[in-house]
1. Farther than 30 Å from residue 122 by Cβ and assigned to a loop (DSSP other than H, G, I, E, B), is that true of residue 223?
2. Looking at 142, 164, 121 in this structure, which one is out of contact with any helix residue (DSSP H, G or I) (no Cβ under 8 Å at 6 or more places or on another chain), over 26 Å from residue 22 (Cβ atoms) and touching a residue at least 24 places away in the same chain (Cβ under 8 Å)?
3. Of all the strands (runs of 3 or more DSSP E) wholly in segment 48-116, which have at least 3 residues that are closer than 26 Å to residue 266 by Cα and not aromatic (Phe, Trp, Tyr)?
4. Within segment 132-164, count every residue that is farther than 20 Å from residue 55 by Cβ and either of a type in the set (A, V, I, L, M, F, W, C) or assigned to a helix (DSSP H, G or I) (or both).
5. Please work out which residue is surrounded by the fewest Cβ atoms within 10 Å (Cβ to Cβ), limiting yourself to segment 221-262 and to residues that are basic (Lys, Arg) and more than 16 Å from residue 49 (Cα to Cα).
6. Which members of segment 77-119 meet the condition of being over 17 Å from residue 40 (Cα atoms) and hydroxyl-bearing (Ser, Thr, Tyr)?
7. Is it fair to say residue 265 is touching a residue at least 60 places away in the same chain (Cβ under 8 Å), of a type in the set (A, V, I, L, M), crowded, with 19+ Cβ neighbours inside 10 Å and within 20 Å of residue 51 (Cβ to Cβ)?
Amino acid sequence: MSAALPWVFRGIASGLASSTSIPVGLELYSVRDALQKDSQGTVRAVAQMGYQVVEFYGPYFSWSEAQAKDMRKLMDELRIRCLSTHNDEDNFSPTKIEHTKALNLILGTKYVVQAWSDPKPTLEGWKGLADRLNDAAGKLAPAGLKVGYHNHDAEWKPVEGKRPIEILAANTKPEVMLQLDVGTCLEAGADPVAWIRANPGRIRSIHCKDWSPDPNIGYKTLFGEGKADWMGIFQAAESVGGIEYYLIEQEGSRYGELETARRCLEAFRKTHEGS
């Protein structure tokens with residue numbers, strides 16, 4: 001695989017990858033309806049668009065190991081990789097973590113990411129979440145898997161005078177990835193560039209989801225048509241953030257799912273090349 005996929009392994013192995021070696025992928029929630037109808041056909045279509053990475057989300061956990069092996073076989077044929085999966089918090093529980101580990105090892109995943117958490121009313125609640133992430137990281141590390149956490153808007157809203165995202169960053173091990181969702185960060189009024197610079201080496205993947213302050217559009221704006229300062233985000237991610245791969249995510253648009261994914265990839269490449 002390392003010979004077949006040099007763009008991934010150069011970027012990951014170097015630690016600070018050059019912009020041309022950083023792969024771009026798709027969070028498959030972006031094409032969720034198509035994926036539900038035909039998972040293999042959808043992954044094939046995404047690869048044919050030019051995406052180099054996919055991120056499976058919630059429903060993947062219901063797969064058997066045989067189904068995961070079938071998907072891995074397809075990805076190998078397409079020369080596309082799954083570098084991370086999105087998981088419910090319960091996927092790290094004692095009764096589920098072995099299945100989580102098995103599926104991610106089959107898929108060739110590097111990061112097992114907690115996709116969300118219920119907002120906590122106290123800082124102690126957020127510190128408890130950090131402890132659970134550290135515990136999961138310890139349990140998965142012997143298998144070569146790392147843990148990540150994906151923010152939504154709640155993590156940016158102060159609790160007892162501090163932003164929960166800061167509590168998570170300060171109380172998780174350095175090897176726990178802080179996967180930045182740009183759109184929800186912007187919606188909450190936070191600065192994604194400042195956050196990347198404040199957490200060097202922790203922002204190893206980014207959900208490249210734009211956001212418009214127009215309440216009729218919000219997350220349905222296409223990449224590059226919203227408020228995000230993508231040039232600044234790319235520069236920060238690649239100079240200090242420790243970025244290993246980008247993931248485009250879309251929650252709908254004026255186009256169909258696959259057309260939206262295609263247009264966002266095209267816009268991403270044009271913007272990234274000029275950064």
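1. yes
2. Answer to the check: 121.
3. Per the criteria, 53-56, 81-87.
4. So the count comes out to 11.
5. Per the criteria, the residue is 254.
6. Those that are over 17 Å from residue 40 (Cα atoms) and hydroxyl-bearing (Ser, Thr, Tyr): 84, 93, 95, 100, 109, 111, 117.
7. So residue 265 fits the description; yes.
Laboratory data are not the source of any read-out in this text; all were calculated from the coordinates shown. Predicted model only: the values in this text are computed from it and were never measured. Note: ideal-geometry Cβ built from the backbone for every residue, glycine included; neighbour counts use all protein chains shown.
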